[in-house]
1. When Cβ neighbours within 10 Å are restricted to other protein chains, what is their mean count per residue of peptide D:50-57?
2. Need one number for the protein assembly as shown: average projected area of the convex hull over its C-alpha atoms, nm².
3. Using 1/(1 + (r/R0)^6) with R0 = 41 angstrom and r between the beta carbons of B:Lys77 and B:Asn44, what's the FRET efficiency to the nearest 0.05?
4. How shielded is B:112-120 by partner chains, expressed as the average number of their Cβ atoms within 10 Å of its Cβ atoms?
5. Over the range B:80-134, calculate the relative contact order: mean separation of alpha carbon pairs under 8 Å at least 6 apart, over the residue count, as a percent.
6. Going Cα to Cα from A:Lys77, which lysines come in below 29 Å? Please leave out same-chain ones fewer than 8 positions away.
7. Please list D:82-92, D:45-55, D:21-31 highest first by mean number of surrounding beta-carbon atoms within 10 Å per residue.
8. Reported to two decimal places, what Rg/Rh ratio describes the range A:2-127 when computed on Cα atoms with Rh from the Kirkwood expression?
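Quick note: the coordinates plus some simple rules give every number you see, no bench work behind them. Values in this document were obtained by computation on a predicted structure and should not be read as measured data. Positions of Cβ are backbone-derived with ideal geometry, glycine not excepted, and every protein chain shown enters the neighbour counts.
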4 protein chains.
Amino acid sequence: MEKLTITTRFCETDALGHINNTSYFIYLEEARIKFFHQLGYGMNLQDWNFILASTKCDFLSQGYFNQKLVISSYISKIGSKSFQLEHDITCEETNVLIAKANAIIVYFNFKEQRSENIPDLFRTQLENHLQDKS
Amino acid sequence: MEKLTITTRFCETDALGHINNTSYFIYLEEARIKFFHQLGYGMNLQDWNFILASTKCDFLSQGYFNQKLVISSYISKIGSKSFQLEHDITCEETNVLIAKANAIIVYFNFKEQRSENIPDLFRTQLENHLQDKS
Amino acid sequence: MEKLTITTRFCETDALGHINNTSYFIYLEEARIKFFHQLGYGMNLQDWNFILASTKCDFLSQGYFNQKLVISSYISKIGSKSFQLEHDITCEETNVLIAKANAIIVYFNFKEQRSENIPDLFRTQLENHLQDKS
Amino acid sequence: MEKLTITTRFCETDALGHINNTSYFIYLEEARIKFFHQLGYGMNLQDWNFILASTKCDFLSQGYFNQKLVISSYISKIGSKSFQLEHDITCEETNVLIAKANAIIVYFNFKEQRSENIPDLFRTQLENHLQDKS
């Protein structure tokens, strides 16, 4: 499991006084990319091999301005051309679960604009982060 | 079914040359709010009774800068305190399906910060937009 | 003078209950691009010749959710390799001036990553939109 | 001078392959707020006394995805009801100057929706960060 801590920004709030729902998808993209970086991928766009096929977020508790949020990410499923990431977003201070999310990512060749089989080395790395959904 | 047409903005693209995934959630929020407006709700924040409990988006085809996207929205489920919206996002010019999304919305009292039963009048209005998922 | 009307989005507000300052720069980019489109430029990225060198916005009155804002744009200065746009943002309903902004745009060759002289045809088009700052 | 380091996010890029101009205003808001936090203000919205009257950004060099940017902020002018912040944005790795910006902030009473004189204690704190524009 990889953990990323972000601090919510003022412009990510909305007039209801809480973090706007669209902002969570910014945090989730950040968490996915940091996850890839930890594995040594996606450091630059020339060798970018990931496309987001689907993402979902359940909003369990409201988030607020200047809150430190911990995003824990792990792999829950690995297919031939795609894999699934799960994310828990919790408040660093109180440990309250703010949101649960997931993302299905397709291994994608941008030059040829088509999906490809996940290479063996990358598959092994993903397997090291495989975990049951809690 | 309610339809909203938006034109994608340049700042909603990313360095992969397409519309960034987070931008779709901006369009979906816009579609939800216009849907409420059509029913006569949510015109201002003083009588705002909706909180997003969950949202999901499947990205089926890439979107691009300056593309006209049609977001079709309808109700797929009505519970006692919540309801579900479905959205199809298509390219206005080609009719290609770009994304499919849904959202679970809880009827929420912001002053007391708790969910409430959907009032009968609003339930009737939602039922008029009820449709099977296609 | 070119006019663009936008409707402010909910996610463009912030926890102070008004439109967040960063959102105005989204509207201003939109206005610049529509201005170029009116002149027949910038419809796609392959022949994109503009880079923003500087922009400034004076916030005169607060903007709110679901407000229709009219952005009036005109040219105030034309140099050899750059030109300046001015923008007035007013509330469509009340005519109240919400913000005044400007932008200096450099004619830029992205392939060679350097500025270039404004071509004569484009200069003539810009001159047709030249106006004194009011 | 206060320094803040941020890492650019993927969704802050655009289809020209660089950081979109609107994203810099996100970083600048972040820098302003951190500046206030350093002085002990603006930790929550109940005692928020700042409204942005004007902001300007000169874009000197392009920024890119996953770049560490250092935003140095200092006070350049103090009036009776407003003050001016200056910001230099540099690449942490190369020290290249990416952007120069400023912001005029009005001391503002949100409850009464009007500007107020800067209190003496806060003025003294601002004076400690006063610096000539370089």
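1. Values: counts 1, 5, 7, 5, 9, 10, 7, 7.
Mean inter-chain Cβ contacts per residue within 10 Å come to 6.
2. Working: hull surface 104.7 nm².
That works out to 26.2 nm², a quarter of the Cα hull's surface.
3. Details: r = 27 Å, r/R0 = 0.66.
Working from the Cβ atoms, E equals 0.90.
4. Mean inter-chain Cβ contacts per residue within 10 Å come to 0.
5. Numbers: 58 pairs, mean separation 17.6, N = 55.
After rounding, I find 32 percent.
6. Partners found: A:Lys3, A:Lys34, A:Lys56, A:Lys68, A:Lys100, A:Lys111, A:Lys133, B:Lys56, B:Lys77, B:Lys100, B:Lys133.
7. D:21-31, D:82-92, D:45-55
8. 1.01
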